[in-house]
Amino acid sequence: QVQLVESGGGLVQPGGSLRLSCAASRSIFHFYAVGWYRQVPGKEREFVAHITSDGSTKYADSAKGRFSISEDNAKTTVNLQMNSLKSEDTAVYFCCAVKGQITYWGQGTQVTVSS
């Protein structure tokens, strides 16, 4: 079993920035794709961004140009840099690691964008 732990959430004003991090209890990011998703109450969890084990990235349209996903050199942490935040970015953000049929999820970190 692998535990994923997200950090970096909080309250930020519109237009501000936050950097979320996802760390794993075992070194798996060499072999797993890692994604960020978000969810607001009453809605389905939605895709935000992912990075594959070879470094390829993909973003939801809502994140393009504002968010950037990256891994540290040791592949122990996956970060989501979020800039130009909007109120509609308010959600619980989850990271997940996927390889084939195996998926691990973190517990989530709250991001609130409000003045």
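The values are calculated or read from the model by the stated rules, or taken from the named source; none is laboratory data. No experiment lies behind these values; they were computed from the predicted model shown. Note that each Cβ is placed from the backbone with ideal geometry, even for glycine, and that neighbours are counted across all protein chains shown. For accessibility, only protein heavy atoms count, side chains too; no ligands or nucleic acids. Shrake-Rupley method; radii C 1.70, N 1.55, O 1.52, S 1.80 Å.
Descriptive notes on the structure:
- Considering only residues in the range 61-115 that are surrounded by fewer than 16 Cβ atoms within 10 Å (Cβ to Cβ), among the charged types (D, E, K, R) and modelled with pLDDT of 95 or more, the one that is farthest from Gly15 (Cα to Cα) turns out to be Asp61.
- Residues of the range 72-102 satisfying the condition of being β-branched (Val, Ile, Thr) and in contact with a strand residue (DSSP E or B) (Cβ under 6 Å, 6 or more places away or on another chain): Thr77, Val78, Thr90, Val92, Val98
- Residue among Arg45, Arg26 that is closer than 17 Å to Thr103 by Cβ, basic (Lys, Arg) and exposed (fewer than 13 other Cβ atoms within 10 Å of the Cβ): Arg26
- Tally of residues being among the charged types (D, E, K, R) and surrounded by fewer than 18 Cβ atoms within 10 Å (Cβ to Cβ) across the range 1-23: 1
- In the range 48-60, the residue that is surrounded by the fewest Cβ atoms within 10 Å (Cβ to Cβ) out of those that are in contact (Cβ under 8 Å) with a residue 12 or more places away in the chain and assigned to a loop (DSSP other than H, G, I, E, B) is Gly55.
- Meets criteria (open to solvent by less than 70 Å² (accessible area, probe 1.4 Å), modelled with pLDDT of 95 or more and of a type outside the set (D, E, K, R)) for Tyr32: no
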